[in-house]
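Participant: Just dropping this structure here.
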Amino acid sequence: MDNPVFHIEKLNFWYGAKQALFDVDVTIRPNQSTAFIGPSGCGKTTLLRCLNRMNDLIERTRVEGKIALHGQGLYAPEVDVIELRKRVGMVFQKSNPFPKSIFDNIAYGLRIQGVNSKNDLADRIEASLRKAALWDEVKDRLNDSAMALSGGQQQRLCIARAIAVEPEVLLMDEPCSALDPVATAKIEELIQDLKKEFTIVIVTHNMQQAARVSDHTAFFYLGKLVEFDVTTKIFTNPANKQTEDYVTGRFG
Amino acid sequence: MTEKQPVETRRGDAGVAPASLSRTDLGAAIIRKRSRPGEWLAERGIFAVSLSSIVMIFLIFAFVGREALPVILGQTSNARTQKPLTPDEATKLPADKLAKYIGVSVSELKGYDAETLKTLVELKAEELAQVSNTDSRINTTSWQKMFQPHRWLGYDKPEYIWQPTSEIPKYNCIPLFIGSLKATLVALLFSVPLGVAAAIYVSQLASPKVREIVKPTIELLSGIPSVVLGFFALIVLATILQTIFHYSSRLNALVGGIALGLAVIPVIFTIAEDALTSVPKSYSQAALALGAAPWQVAWQVVLPAALPGVFAACILGFGRAMGETMIVLMASGNASIVSASILDSCRTITATIAAELAEVVFGGAHYRILFLLGTLLFAVTFVTNLVGEMIVHRLKARLEGA
Amino acid sequence: MKIRDWRSVAFTGATGLATFCIVAMVVVILGNIVWDGAAQMSLRFIFGGTSEGMFDAQKAGVFPMIFGTVALVVLMTIGVVPVGVITAVYLTEYARHESLITRVIRGAINNLAGVPSIVFGLFGLGFFVQFVGGGIDKVFFGGQLHYAKPALIWAAATMAVLTLPVVIVATEEALRAVPHGFREGSLALGATKLETIWKVVLPQALPGILTGAILAVGRGAGEVAPIMFTGAAYYLAHLPKGPTDQFMHLGYHVFVLSTQSPDIERTKPILYGTVLVLLLLTFLLNLTAVLVRAGIRAKLRAANG
């Protein structure tokens, strides 16, 4: 556990003049799942989107402090953000499959990485669909439109799409917020499996979810990291009063 | 393809090598900058192409202005200014110049004896002496003659005259300006009340069903080519209006202006309606909550808030009316007379260019003055568009900020 | 309450009447044209030429004008669509929202949309015919006259400049209607911006881009002033054989027939017929565009929640 994947130190982040993160320190360890929790607007999604620099897409944002992937500063000038994103995949709050077939959705990322042979594609698509626990449901209709899938299936397709390109880290931004309990349970189960192969960072509103799926939990409030510890400790014996109030449902 | 290699083999490497070392090294190495010349080139290309609108505006100004430049700089002259020569001076001239002066060919000149030549030179001097006090010595392409009245021979007072094809071409632009303004004024008097009232009705009072009918109808109207509106004005509208008002010239500023108004209505309606609907709902809801009737809200709350937008609609409508060509060319009669009556026919700037450019000598004074008119027209619409857009932009920013 | 009532009726009545007047005028104009034009419609009229009598209602046809108009808009579309789409891509995908250059580009587009059509005619003559055409003749033909004269290609080029704002605005709208999630999803997979645009955004925006092209074609088919000096001909015995020939045009023909006819009453049926063909051409195109656009707007509303 001594070689962290991400090392974040004194990270500050601004949207225009508005500061969204204040001196955040977090360490993400390999093959574990780390949950970011906190009330809306606390900066947890902002931090998540710093990890693959998706925030670059928003105009007039500014970042200060240190955020490193295996010691390489992410915002250093020599970093190629495209390569970074190939290595740090992401699943979004609202499932966003492309309006193409199921097959082409997963093939998209692979083709971009230069996998073009039909057999390779088929193999890797099957593998990633299996890992995303979707294969049995869609194996007979790979050429159907992804838009015809249910919400939970779409989200698992997005997970399959993200892991098909074999990233090291998988970022998940409230992946279950738009799903029903059954679909949510499936994805939570999936996260437990994916952990063996990927490092997972998950943002969630749902504290039970954080307690169920994560090994470490970071609690944010108003852009500050309030507490960061092993999940069981955060939920049973938090050091901070605010954390306790939040995880026991007294505010948020 | 080679740059893809690390990604696919990474996992294998990580498994074989001691985890601590390889991961750290790879962390730095894999996300290092790649050069993507294709991407870089494409981005520059996209940017370059996106500048084409700016380039086009510049080229329009440059190339329309270029043809007009000699007139603008006062370098053109169509004055016939030959100095009369005495027979002594004439005999000293080289043969070709003398021939040109008298107006004969060089071979003819050689056939003349000295006596005939002397008579011819004297006759020419007499002729020039007569000409010297006529209009032909005037450079009619000067700024002064293009914009100030002049008392031509046979007229009893200074007048503004556009007669580019008469023996002494007269290029005074004022009748054309008056023609354009007259047609535009009629068009605006017709289209502003209708367009703005309809915009108020559709945006504030009408039921969604009415809106569903009116908006596409107005889109339809804006899709009618102006040559078709001109045709309709010429064949149908002119007859109807003449039957009603019993005026003498069938095609006039009234007919042209109303047809022009039909083309301007969609412009005014669309922009005014847009401004009215962008007034925040909270304004009108507050007024409605205080017990105001819908018409009062529209008149006393929404319209004042959107007034700059309505004003901008009128400005842009003005620009459109000034620049419209086919309608006025077909329906306004095209007589370049200075008259305040809208029942007289009028000749607009645009119609003048359209009607005359096909028949002028390329590069001649008339040609250049038509381009000058085009340049002026471009400048006028450029300014009206700029002002109109600025007003709309400011209004939107203010309403969205509120 | 009573006083308020009659004022309410008067205000609503007046504005409603204005609206009704506009709609009524459109109905009258179109009704008049359709009614009188339909009488002239026949296969002979649509597929016939003018050689047997341009002003004779029994013999004249409009095929050369339809051919010329279609040739014009096809060439124009080839020119304007790539430039317009690329500009729209830059504005929606690359440009920083508030930067100076973005604002200047937008200003230029707005201004281009407001330039009077006759000025485009002057521009086409001064730039395309004389400068570009003259340049080609000088460089490639030793000053022989091949390109420095009014021609189909110069009219199309002029019209392409005129319709550029139409294509840009429609394409921008289509690109904005593509949900942001698609772009993020693609970028998060390590696609470059260009790959994202080419493989995800543009295919999604295709219907909207087509709308823009159709609107431009509708506009281009109806404009007359810009082509009067750059390529349209009063009368031609033959169809244009290539892009350097002159052509006949429906709109210009309407102008010619209604102002040059020796006997307007005898020419009227041809005029109405020609106008109807022109209107059908532009309206069918516009209608298609409006329908496609309505679909895109509905999708946009759905995407924005």
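Participant: Mind running the shape call on chain B? Use the C-alpha gyration tensor, a ≥ b ≥ c as the square roots of the eigenvalues: rounded below 1.5 for a/c, prolate if a/b tops b/c, oblate otherwise. Present the calculation step by step, with values, prior to reporting the outcome.
Facilitator: On the way: a/c = 3.63, a/b = 1.49, b/c = 2.44.
Oblate is the answer for chain B, as a/c is 1.5 or above yet b/c matches or exceeds a/b.
Participant: For B:LEU185 and B:ARG34 in one chain, what is 0.36 nm times their gap in residues minus the Cα-Cα distance, to one decimal in nm?
Facilitator: Details: separation 151, 0.36 × 151 = 54.36 nm, distance 6.25 nm.
Here the answer is 48.1 nm.
Participant: Kindly identify chain C as rounded, prolate or oblate by the Cα gyration tensor criterion: order the square roots of the eigenvalues as a ≥ b ≥ c, call it rounded if a/c is under 1.5, otherwise compare a/b with b/c, prolate if a/b is larger, else oblate.
Facilitator: Working: a/c = 2.06, a/b = 1.16, b/c = 1.78.
Oblate.
Participant: Full extension from C:VAL74 to C:THR259: what is 0.36 nm times the residue separation minus their Cα-Cα distance, to one decimal in nm?
Facilitator: Stretched fully, the C:VAL74-C:THR259 segment lengthens by 63.8 nm.
Participant: Using Cα pairs under 8 angstrom and six or more residues apart, how large is the relative contact order of segment B:268-333, in percent? The partial results should precede the final answer.
Facilitator: Values: 33 pairs, mean separation 29.7, N = 66.
45 percent.
Participant: Continuing with the same structure: Which three extents, in angstrom, do the Cα atoms of the protein assembly as shown have along their principal axes, listed largest first?
Facilitator: The principal-axis extents, from largest down, are 127, 84, 56 Å.
Participant: Based on alpha-carbon positions alone, could you give the equivalent ellipsoid semi-axes of segment C:188-249 from the gyration tensor, as √(5λ), descending, whole Å?
Facilitator: Numbers: eigenvalues 332, 35, 17 Å².
Each semi-axis is √(5λ); the values are 41, 13, 9 Å.
Participant: Beyond a 20 Å Cα-Cα separation, which of these cross-linked pairs lie in this structure: B:LYS92/B:LYS118; C:LYS138/C:LYS241; A:LYS94/A:LYS233? Display every interim value, and only then the final one.
Facilitator: Working: B:LYS92/B:LYS118 12 Å; C:LYS138/C:LYS241 23 Å; A:LYS94/A:LYS233 30 Å.
Beyond 20 Å: C:LYS138/C:LYS241; A:LYS94/A:LYS233.
Participant: As a footprinting exposure proxy, order B:ARG368, C:ARG293, A:ARG60 by other Cβ within 10 Å, with the fewest listed first.
Facilitator: A:ARG60, C:ARG293, B:ARG368
Participant: Rounded, prolate or oblate, given the Cα gyration tensor of segment C:21-150, with a/c below 1.5 counting as rounded?
Facilitator: Working: a/c = 2.70, a/b = 1.33, b/c = 2.03.
Since a/c reaches 1.5 but b/c is at least a/b, the shape of segment C:21-150 is classed as oblate.
Participant: Between A:GLU64 and C:ILE101, what is the label-point separation in nm under the 7 Å Cα-to-beta-carbon projection?
Facilitator: For C:ILE101 paired with A:GLU64, the spin-label model returns 2.9 nm.
Participant: Per residue of chain B, what 222 nm ellipticity follows from adding -39500 (n - 2.57) for every DSSP H run with n ≥ 4, rounded to the nearest 500?
Facilitator: On the way: 19 runs with 266 residues, N = 402.
So the calculated ellipticity at 222 nm is -21500 deg cm²/dmol.
Participant: Using Stokes-Einstein with the Kirkwood hydrodynamic radius over Cα pairs, what translational diffusion coefficient do you get for chain A at 37 °C and a viscosity of 0.692 mPa s, in µm²/s rounded to a whole number?
Facilitator: Values: Rh = 18.7 Å.
It diffuses with D of about 176 µm²/s by this estimate.
Participant: If N is the number of residues in segment A:1-117, what value comes out of its Cα radius of gyration divided by 2.2 N^0.38 Å?
Facilitator: Values: Rg = 15.9 Å, N = 117, 2.2 N^0.38 = 13.4 Å.
Expressed relative to 2.2 N^0.38 Å, the Cα Rg reads 1.18.
Participant: Do any trypsin sites (Lys or Arg not before Pro) in segment C:1-109 lie in a DSSP loop with no more than 15 other beta carbon atoms within 10 Å, and if so, which?
Facilitator: On the way: sites: C:LYS2, C:ARG4, C:ARG7, C:ARG44, C:LYS59, C:ARG96, C:ARG103, C:ARG106; in loops: C:LYS59, C:ARG96.
Answer in residue order: C:ARG96.
Participant: Just how far, in whole angstrom, is segment A:125-184 from segment A:1-48 if you go by their alpha carbon centroids?
Facilitator: Computed from Cα coordinates, the inter-centre distance equals 26 Å.
Participant: Can you tell me the FRET efficiency between C:LEU287 and A:ALA122 if r is taken as the Cβ-Cβ distance and R0 is 45 Å, rounded to the nearest 0.05? Walk me through the intermediate numbers first.
Facilitator: On the way: r = 45 Å, r/R0 = 0.99.
So, using R0 = 45 Å, E works out to roughly 0.50.
Participant: If you take the beta carbon distance between B:ALA397 and A:ARG130 as r and set R0 to 56 Å, what does 1/(1 + (r/R0)^6) give as a FRET efficiency, to the nearest 0.05?
Facilitator: On the way: r = 53 Å, r/R0 = 0.95.
For R0 = 56 Å, the calculated efficiency reads 0.60.
Participant: To continue, here is another question. Over 23 Å between Cα atoms, which of A:LYS18/C:LYS199; A:LYS18/A:LYS86; B:LYS145/C:LYS149; B:LYS97/B:LYS124; A:LYS86/A:LYS196 qualify? Can you show the working numbers first?
Facilitator: Numbers: A:LYS18/C:LYS199 35 Å; A:LYS18/A:LYS86 30 Å; B:LYS145/C:LYS149 32 Å; B:LYS97/B:LYS124 14 Å; A:LYS86/A:LYS196 19 Å.
Table pairs above 23 Å Cα-Cα are A:LYS18/C:LYS199; A:LYS18/A:LYS86; B:LYS145/C:LYS149.
Participant: Need the C-alpha centroid separation for segment B:142-214 versus segment B:331-402, integer Å.
Facilitator: 9 Å
Participant: Now, a different point. Using every Cα-Cα pair within segment B:176-320, state what percent have a distance larger than 24 Å.
Facilitator: 40 percent
Participant: Report the Stokes-Einstein translational diffusion coefficient (µm² s⁻¹, integer) for segment A:108-182, Rh taken as the Kirkwood radius over Cα pairs, at 37 °C with viscosity 0.692 mPa s. Provide the component values of the computation, followed by the final result.
Facilitator: Working: Rh = 13.1 Å.
Once the numbers are plugged in, D ends up at 250 µm²/s.
Participant: Name the residue, out of B:ALA293, B:ALA340, B:ALA62, whose mean-square fluctuation peaks in a Gaussian network model built on chain B with Cα pairs under 10 Å.
Facilitator: Between B:ALA293, B:ALA340, B:ALA62, it is B:ALA293 that shows the largest mean-square fluctuation.
Values in this text are rule-based calculations from the coordinates and carry no lab data. The model shown is predicted, which means the values in this text are computed figures rather than measured ones. Every residue, glycine as well, gets a Cβ built from its backbone with ideal geometry; the counts of neighbours run over all protein chains shown.
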